[in-house]
Amino acid sequence: MTILLAHADEERRIYYADDVLRRLRSLGTVRLNATGRPLAGQAFIEAAATCRIIVGDAKAIADADVLASL
């Protein structure tokens with residue numbers, strides 16, 4: 001199972017400390033948003049491809065078109 005954390009690096013560090021990431025990784029592969037900015041459009045689609053779980057944040061833009069593409 002692959003889990004996407006859509007948060008940009010700085011915000012992810014605030015919400016997901018190392019121990020939390022370790023626990024998530026015990027559940028499956030964790031894919032991180034390493035772009036340094038909120039995901040949107042095609043970048044969101046590519047990052048979320050093959051993920052079973054997507055953990056978004058208020059700044060990531062997953063509109064109906066993005067969700068329909070997954």
Extension gain (nm, one decimal) between A49 and E10, 0.36 nm per residue minus Cα-Cα: 11.8 nm
Might you tell me the accessible area per residue for the chain, computed with a 1.4 Å probe and given in Å²? 64
For every other residue with a beta carbon closer than 15 angstrom to the beta carbon of T2, add +1 if it is Lys or Arg and -1 if Asp or Glu, then tell me the sum. +2
Share of the chain's accessible area from carbon and sulfur, percent, 1.4 Å? 52
[x] 11.7; [y] 13.5; [z] 12.1: which one is Kirkwood radius over Cα pairs in Å as calculated from this entry? [z]
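The values are calculated or read from the model by the stated rules, or taken from the named source; none is laboratory data. In this text the structure is predicted, and so the values were computed from the model without any measurement. When we count neighbours, we look across all protein chains shown, and the Cβ atoms used for this are built from the backbone with ideal geometry, even at glycine. The protein model used for the area step is the full one, side chains on, heavy atoms only, and it has no ligands, DNA or RNA in it. Shrake-Rupley method; radii C 1.70, N 1.55, O 1.52, S 1.80 Å.
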